[in-house]
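Comments concern the structure below.
The values are calculated or read from the model by the stated rules, or taken from the named source; none is laboratory data. This one's a predicted model, so the numbers in the text were calculated from it and none came from an experiment. Positions of Cβ are backbone-derived with ideal geometry, glycine not excepted, and every protein chain shown enters the neighbour counts.
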Amino acid sequence: MTALPPLRETVARHGLSASKALGQNFLFDGQLLARIAAVPGDLAGQEVLEVGPGPGGLTRALLAAGARVTAIERDRRCIPALEELAAAYPGALRVIEGDALAIDAPALFEGKPHIVSNLPYNVGTALLVGWLSGEAWLPWWQSLTLMFQREVADRIVAAVDTPAYGRLAVLAQWRARARIAMPVHRSAFTPPPKVMSAVVHLEPVETPADVRFDTLERLTAAAFGQRRKMLRQSLRGVPGALAALESLAIDPTRRAETVSVAEFVALARLTPSPR
Ligand code: SAM
């Protein structure tokens, strides 16, 4: 690797003022970035997908950890700074200009990458649900290490019967072991966002082949769409769901918040697929 200028200098030289519309809050603290890059484990020789590298702080940490990085960035202004980084790590960084929500990311990899991102808050949940979705499982990625607003991170890892428990917890915990790897103070970002953040780590787990993602999604959308209502009311519009409640002896007067991930999976197994 050739010597790199300090990150703040790169940002200044390329005029990378943070854009609110693109959800830009940059990280500059090298120690913090190295700790985030260490969350998935030893990355030496591993493939990594990074969404939203911005000026490349986290990208630097991933490359320093020995990863081969594919970085998708929507902001054209960041590309020259990222190309400089690619030149400093020959063959280890592929920079793709584009919208991560529109790109066919699995097609970019032969093996299974780790996904490590300080995500733009406005697209983070959509990307996560996309990465957890689909009928084929195990997925095309090895692990997810993602920065979220603390409140969203809490919703991903929430336990049943807590206020944060909902659709996101069920979808994530059905298919992955999810944990908060580290809280990140708002002051770590430039500019600081209004809210606190946290890095969430998810590792996929095997799921039963006879349970469909689309059924589970439909059940959780209905159940948590009216979370204060009893299940017999909120699930009325899902064909077959009330019969599934009955055959599992789940009390129909319960509310969605009290239904465990395992119970939702059991319900999905007995509920006909919407397709
Ligand atoms: N990773 C950098 C860091 O840690 O300092 C930047 C993080 S910033 C919170 C989010 C980045 O995602 C920005 O650089 C933004 O331009 C980029 N971005 C926003 N929407 C995107 C999208 N749909 N696809 C790819 N990148 C996107």
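Applying the criterion of being within 16 Å of the ligand (Cβ to nearest atom) and buried (at least 19 other Cβ atoms within 10 Å of the Cβ) to the residues of segment 146-161, the residue that is nearest to the chain's Cα centre (by Cα) is L146. For segment 183-201, a residue qualifies if it is surrounded by fewer than 11 Cβ atoms within 10 Å (Cβ to Cβ) and of a type in the set (D, E, K, R), and exactly one does: K194. Among the criteria (1) of a type in the set (A, V, I, L, M, F, W, C); (2) in contact with a strand residue (DSSP E or B) (Cβ under 8 Å, 6 or more places away or on another chain); (3) in contact (Cβ under 8 Å) with a residue 40 or more places away in the chain, the one V160 does not fulfil is (2). Of the residues screened, L231 is one that is at pLDDT 95 or above and more than 22 Å from the chain's Cα centre (by Cα).
Quick check on segment 168-177. Is at least one of its residues under 23 Å from L7 (Cα atoms), within 14 Å of the chain's Cα centre (by Cα), in a helix (DSSP H, G or I) and in the same structural domain as G57 (by TED's automatic domain parsing)? The answer is no; no qualifying residue exists. Within segment 219-243, the residues that satisfy the criterion of being within 14 Å of A266 (Cα to Cα) and not in a loop (DSSP other than H, G, I, E, B) are L219, T220, A241, L242, A243. Condition first: away from the ligand (no atom under 12 Å from the Cβ), touching a residue at least 24 places away in the same chain (Cβ under 8 Å) and under 24 Å from Q142 (Cα atoms). Can you find one or more residues in segment 15-32 that meet it? No, that holds for no residue. With respect to the conditions (1) surrounded by fewer than 19 Cβ atoms within 10 Å (Cβ to Cβ); (2) touching a Lys or Arg at 6+ places or on another chain (Cβ under 8 Å), D42 falls short on a single one, namely (2).
Residues in segment 100-135 that are within 15 Å of the ligand (Cβ to nearest atom) and either outside the structural domain of V199 (by TED's automatic domain parsing) or in a loop (DSSP other than H, G, I, E, B) (or both) were compared, and the one that is nearest to A37 (Cα to Cα) is L119. For segment 246-269, the set of residues classified as surrounded by fewer than 17 Cβ atoms within 10 Å (Cβ to Cβ) and either more than 22 Å from P163 (Cα to Cα) or in contact with a Gly (Cβ under 9 Å, 6 or more places away or on another chain) (or both) consists of E246, S247, L248, A249, R269, listed by residue number.
Can you find a residue in segment 109-121 that is without any contact (Cβ under 8 Å) to a residue 12 or more places away in the chain, of a type in the set (G, A, S) and either surrounded by fewer than 18 Cβ atoms within 10 Å (Cβ to Cβ) or under 24 Å from E206 (Cβ atoms) (or both)? No, because not a single residue in segment 109-121 is without any contact (Cβ under 8 Å) to a residue 12 or more places away in the chain, of a type in the set (G, A, S) and either surrounded by fewer than 18 Cβ atoms within 10 Å (Cβ to Cβ) or under 24 Å from E206 (Cβ atoms) (or both). When each of A61, A44, A71 is tested for being more than 8 Å from the ligand (Cβ to nearest atom), without any contact (Cβ under 8 Å) to a residue 60 or more places away in the chain and assigned to a helix (DSSP H, G or I), the lone residue that passes is A61.
Here's the yes/no breakdown for (1) out of contact with any Lys or Arg (no Cβ under 8 Å at 6 or more places or on another chain); (2) within 9 Å of the ligand (Cβ to nearest atom):
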{"residue": "E50", "(1), (2)": "yes, yes"}
{"residue": "P55", "(1), (2)": "yes, yes"}
{"residue": "E83", "(1), (2)": "yes, no"}
{"residue": "G98", "(1), (2)": "no, yes"}
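Of all residues in segment 162-172, at least one satisfies being surrounded by fewer than 19 Cβ atoms within 10 Å (Cβ to Cβ) and hydrophobic (A, V, I, L, M, F, W, C).
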